[in-house]
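**Q** This is the structure I want to talk about, given as structure tokens.
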Amino acid sequence: MNIQVSYKGLKEKHWQEKLNKLEEILSSCTLCPRNCKVNRLKKETGYCRTFEKPYISSAFPHFGEEKELVGYHGSGTIFFSNCNLSCVFCQNWEISASGEGRYIEYEDLADIMLELQKRGCHNINLVTPTHQIYGIFKALYWASKRGLQLPIVYNCGGYENIETLKILEGVIDIYMPDFKYGSNEMGIKYSDCNNYFSIAKAALKEMFRQVGELIIDEYGLLKRGLLVRHLVLPNNVENSFKVLDFLAEEVSTKILLNIMDQYYPAYKSSFYPELSRRITKTEYNEVIERAKKLGFKYLA
């Protein structure tokens, strides 16, 4: 199955239009729903504490992702430092909250993408890209001109501005959002963000509109589509039910869905008694059964 990645169909003028829009947004930053409106081109920082250039922690072939991304040679994963969320149970808090990482040039990020392709990775997996999409976009443009032809995975927290997502149309092949909460109140309490559920719902619908139903090749590798991750939290299967109900009713049951059981108390979760333990097998199974009952076809 020979499937051309989305961005290979972009004409030069469309690349430039998108780059210009992103640069304009960055001058009064509204890349994400925080809408800090700082001029990151002049080294001003908002909630994400990040300038305009790529700020990364690491990059390598990752074999711990979904099998539909990993294949035989791994997912070409690039971890971007800092975040537009502040999840109290973040398992990558050293990167997202403490900001472990380094600034690099756009050309260096393009080189990393090309090196991951050279090593046989099946995709370029952008982890926490939301606040750094300008630098990513510039690097991707140059990498594409130099022969990059892997699917691009947008691996985000679900807290996305529709206007930014629309700029990404025709570039992203696989959207992979975390869908964390089924209420706005939980977003405020656990991730310090307003209207998480409302914003994530609109974002996921836009993502699905762009990429459509799943395209999986003869080797079982995901080439295009929406892969939603949901981490089951302790003491709150109702939260998971609300997330699944929305997906089934307003997005699709034909997405790839990963219901994750690996929650463990991390970062600041000790300050929240309800988050102070791992989930039980019973809690996880209840959520899996709900997904099956709703008719989800593909569980990662």
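The values are calculated or read from the model by the stated rules, or taken from the named source; none is laboratory data. Remember, predicted model here, so these are calculated numbers, not experimental data. When we count neighbours, we look across all protein chains shown, and the Cβ atoms used for this are built from the backbone with ideal geometry, even at glycine.
**Q** From the list SER81, SER96, SER75, pick out the single residue that is over 28 Å from LEU41 (Cβ atoms) and buried (at least 23 other Cβ atoms within 10 Å of the Cβ).
**A** Details: SER81 fails: over 28 Å from LEU41 (Cβ atoms); SER96 fails: over 28 Å from LEU41 (Cβ atoms).
Only one candidate passes the filter, namely SER75.
**Q** So, in region 165-185, of the ones that are hydroxyl-bearing (Ser, Thr, Tyr) and buried (at least 20 other Cβ atoms within 10 Å of the Cβ), which residue ends up nearest to HIS131 (Cα to Cα)? First the steps, then the outcome.
**A** Restricting attention to region 165-185, the residues satisfying the condition of being hydroxyl-bearing (Ser, Thr, Tyr) are 175, 181, 183.
Filter once more, so that each one left must be buried (at least 20 other Cβ atoms within 10 Å of the Cβ): 175, 181.
Working: TYR175: 16, TYR181: 20 Å.
That would be TYR175.
**Q** For LYS118, work out the one condition from (1) within 21 Å of ASN2 (Cβ to Cβ); (2) in contact with a strand residue (DSSP E or B) (Cβ under 8 Å, 6 or more places away or on another chain) it doesn't fulfil.
**A** Among (1) within 21 Å of ASN2 (Cβ to Cβ); (2) in contact with a strand residue (DSSP E or B) (Cβ under 8 Å, 6 or more places away or on another chain), the lone unmet condition for LYS118 is (2).
**Q** Criterion first (among the β-branched types (Val, Ile, Thr), at pLDDT 95 or above, farther than 30 Å from PHE271 by Cα and part of a helix (DSSP H, G or I)) does ILE199 satisfy it?
**A** Details: among the β-branched types (Val, Ile, Thr): yes; at pLDDT 95 or above: yes; farther than 30 Å from PHE271 by Cα: no; part of a helix (DSSP H, G or I): yes.
So ILE199 does not fit the description; no.
**Q** When only residues in region 144-178 that are assigned to a loop (DSSP other than H, G, I, E, B) and aliphatic (A, V, I, L, M) count, which is farthest from the chain's Cα centre (by Cα)? Outline the logic, then answer.
**A** Initially, region 144-178 is screened for residues assigned to a loop (DSSP other than H, G, I, E, B), giving 146-151, 157-161, 169-173.
Now drop any that are not aliphatic (A, V, I, L, M), which leaves 148, 150, 171-172.
Values: LEU148: 20, LEU150: 17, VAL171: 14, ILE172: 11 Å.
Once the filter is applied, the top-ranked residue is LEU148.
**Q** Suppose we filter region 212-221 for residues that are farther than 17 Å from PHE296 by Cβ, of a type outside the set (Gly, Ala, Ser) and either under 17 Å from the mean Cα position of the chain (by Cα) or not in a strand (DSSP E or B) (or both); how many remain?
**A** Quick first cut of region 212-221, residues farther than 17 Å from PHE296 by Cβ only: 215, 217-221.
With the extra rule that they be of a type outside the set (Gly, Ala, Ser), the set shrinks to 215, 217-219, 221.
Remaining after also requiring either under 17 Å from the mean Cα position of the chain (by Cα) or not in a strand (DSSP E or B) (or both): 217-219, 221.
Residues flagged as farther than 17 Å from PHE296 by Cβ, of a type outside the set (Gly, Ala, Ser) and either under 17 Å from the mean Cα position of the chain (by Cα) or not in a strand (DSSP E or B) (or both) within region 212-221 amount to 4.
**Q** Residues in region 10-34 that are in a loop (DSSP other than H, G, I, E, B), polar (S, T, N, Q) and free of Cβ contacts under 8 Å to residues at least 24 places away in the same chain: how many?
**A** Within region 10-34, the subset in a loop (DSSP other than H, G, I, E, B) is 10-11, 27-34.
Filter again for polar (S, T, N, Q), leaving 27-28, 30.
With free of Cβ contacts under 8 Å to residues at least 24 places away in the same chain added as a condition, the list becomes 27-28.
Summing the residues that are in a loop (DSSP other than H, G, I, E, B), polar (S, T, N, Q) and free of Cβ contacts under 8 Å to residues at least 24 places away in the same chain in region 10-34 gives 2.
**Q** For a quick check of your reading of the model, give me the residue pairs whose first member lies in region 266-290 and is in contact (Cβ under 8 Å) with a residue 24 or more places away in the chain, whose second is loosely packed, with under 12 Cβ neighbours inside 10 Å, with beta-carbon atoms closer than 8 Å and at least 6 apart or on different chains.
**A** Qualifying pairs under 8 Å: ILE288/LEU299.
**Q** Moving on to the next point. May I ask you to verify whether TYR141 is under 19 Å from CYS83 (Cα atoms) and either touching a residue at least 60 places away in the same chain (Cβ under 8 Å) or in a helix (DSSP H, G or I) (or both)?
**A** Values: under 19 Å from CYS83 (Cα atoms): no; either touching a residue at least 60 places away in the same chain (Cβ under 8 Å) or in a helix (DSSP H, G or I) (or both): yes.
Answer is no for this residue.
**Q** While we're here: With respect to the numbered conditions (1) over 21 Å from THR77 (Cα atoms); (2) within 14 Å of the chain's Cα centre (by Cα), which one is the sole condition not fulfilled by TYR181?
**A** Unmet for TYR181, out of (1) over 21 Å from THR77 (Cα atoms); (2) within 14 Å of the chain's Cα centre (by Cα): (2).
**Q** Output the number of residues of region 273-300 satisfying the condition of being in a helix (DSSP H, G or I) and either surrounded by 19 or more Cβ atoms within 10 Å (Cβ to Cβ) or not aliphatic (A, V, I, L, M) (or both).
**A** Looking only at region 273-300, we keep the residues that are in a helix (DSSP H, G or I), and these are 273-275, 281-294.
Cutting the leftovers down to either surrounded by 19 or more Cβ atoms within 10 Å (Cβ to Cβ) or not aliphatic (A, V, I, L, M) (or both) gives us 273-275, 281-287, 289-293.
Selection size over region 273-300: 15.
**Q** Taking the stated definitions as given, is TYR7 surrounded by fewer than 20 Cβ atoms within 10 Å (Cβ to Cβ), among the aromatic types (Phe, Trp, Tyr) and not in a strand (DSSP E or B)? If you could, list the steps in order and put the result at the bottom.
**A** Details: surrounded by fewer than 20 Cβ atoms within 10 Å (Cβ to Cβ): no; among the aromatic types (Phe, Trp, Tyr): yes; not in a strand (DSSP E or B): yes.
Taking the combined requirement at face value, the residue does not satisfy it.
**Q** Shifting gears a bit: Just to check your reading of the model, which residue among VAL237, VAL232 is more than 28 Å from HIS122 (Cβ to Cβ), crowded, with 16+ Cβ neighbours inside 10 Å, touching a residue at least 24 places away in the same chain (Cβ under 8 Å) and among the hydrophobic types (A, V, I, L, M, F, W, C)? Give the derivation first.
**A** Values: VAL232 fails: more than 28 Å from HIS122 (Cβ to Cβ).
When all the criteria are applied, what remains is VAL237.
**Q** List the number of the failed condition for SER270; all other conditions in (1) part of a loop (DSSP other than H, G, I, E, B); (2) at pLDDT below 95 hold.
**A** Only one criterion in (1) part of a loop (DSSP other than H, G, I, E, B); (2) at pLDDT below 95 is unmet by SER270, namely (1).
**Q** Going by the structure shown, is ILE152 in contact with a Pro (Cβ under 9 Å, 6 or more places away or on another chain), under 19 Å from TYR7 (Cα atoms) and of a type in the set (A, V, I, L, M)?
**A** no
Quick grid of which residues meet (1) assigned to a strand (DSSP E or B); (2) under 16 Å from the mean Cα position of the chain (by Cα); (3) basic (Lys, Arg):
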| site | (1), (2), (3) |
| --- | --- |
| GLY46 | no, no, no |
| LYS53 | no, no, yes |
| ILE56 | yes, yes, no |
| GLU65 | no, yes, no |
| ASN82 | no, yes, no |
| LEU85 | no, yes, no |
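**Q** (1) surrounded by fewer than 16 Cβ atoms within 10 Å (Cβ to Cβ); (2) at positive phi; (3) outside any loop (DSSP other than H, G, I, E, B): which one isn't true of ILE188, the others all being true?
**A** Failed condition: (2).
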